[in-house]
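Notes follow once the structure below has been shown.
The values are calculated or read from the model by the stated rules, or taken from the named source; none is laboratory data. Keep in mind the model is a prediction, meaning the values are calculated, not measured. Here the Cβ positions follow ideal geometry from the backbone for every residue, glycine too, while neighbour counts run over all protein chains shown. Calculation scope for accessible area: heavy atoms of the full protein, side chains included, ligands and nucleic acids excluded. Shrake-Rupley method; radii C 1.70, N 1.55, O 1.52, S 1.80 Å.
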Amino acid sequence: MKIWITTEEEKNNIYLIANKKSLWITEQPVEVDVSNLISEQKLTNTTIIIFEEIKEILLNDTDQIITISLKDDKENEIEIIINSATYSEIKTYLLNNLKGIVVKNYSLFKQIKSYIFGLLLFGVVTWILHNTALSLQNGETLNTSGRRGLIKKIFVGVADFLGPTGVLIIGGIFILIFIVGLVNTIKKPKVGEIIKFKNNTELIFS
């Protein structure tokens, strides 16, 4: 078992604890000896992440953040913000001692793909809403029955409320946000590595 303090606060510390088959994250009062709590089986307020549940761990060197993504897409990512010295120690330890993993660079494409997806999504939605608003403005009757009738009614309602100009303004703002994020990421991509977990991943203590 390996223990690190990832965040130090006035009253509580946040710890990352590495075990053979899992990672623990716990917040405890500063005066508490975490090792004693573990040995006495009195550790509470702890999140346990089993290696079998982990899809990948992103080691973001630029921001000194560790992000844990789970295989269950319904579960939120777990983000751990760490001070500089501890981050380097944790990263080195995990890379050297985790077995049954694949390590890849934090590629530029992985960093920008959410922005590309957002641009495509809002671009298509804006185009559909704008055309719908123009049709309504021209007095056309739009069919909102049949399959996906509820979605059609929502689109028609939004288009009618915003109008052609409003759709372009609102859609343009969202598209601009994604463009700015995309450009900034391309200009200054983050540096890091991604640890991809296999079914037999475990931590070897040295």
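Annotations for the structure displayed:
- Matching residues in the stretch 153-206 - criterion: being open to solvent by less than 90 Å² (accessible area, probe 1.4 Å) and of a type in the set (S, T, N, Q): ASN184, THR185, THR201
- Flag for GLU31 being among the acidic types (Asp, Glu) and either at pLDDT 95 or above or not in a loop (DSSP other than H, G, I, E, B) (or both): no
- Answer from GLN137, GLN111, GLN41 - the residue that is polar (S, T, N, Q) and closer than 21 Å to TYR15 by Cβ: GLN41
- Among the residues of the stretch 14-26, not a single one is within 17 Å of GLU193 (Cα to Cα) and open to solvent by less than 50 Å² (accessible area, probe 1.4 Å).
- Single residue of PHE117, PHE122 found to be surrounded by 13 or more Cβ atoms within 10 Å (Cβ to Cβ), under 30 Å from LEU162 (Cα atoms) and either touching a residue at least 12 places away in the same chain (Cβ under 8 Å) or not polar (S, T, N, Q) (or both): PHE122
- Candidate set: the stretch 67-97, residues that are part of a strand (DSSP E or B) and without any contact (Cβ under 8 Å) to a residue 40 or more places away in the chain; chosen: the one surrounded by the fewest Cβ atoms within 10 Å (Cβ to Cβ): GLU79
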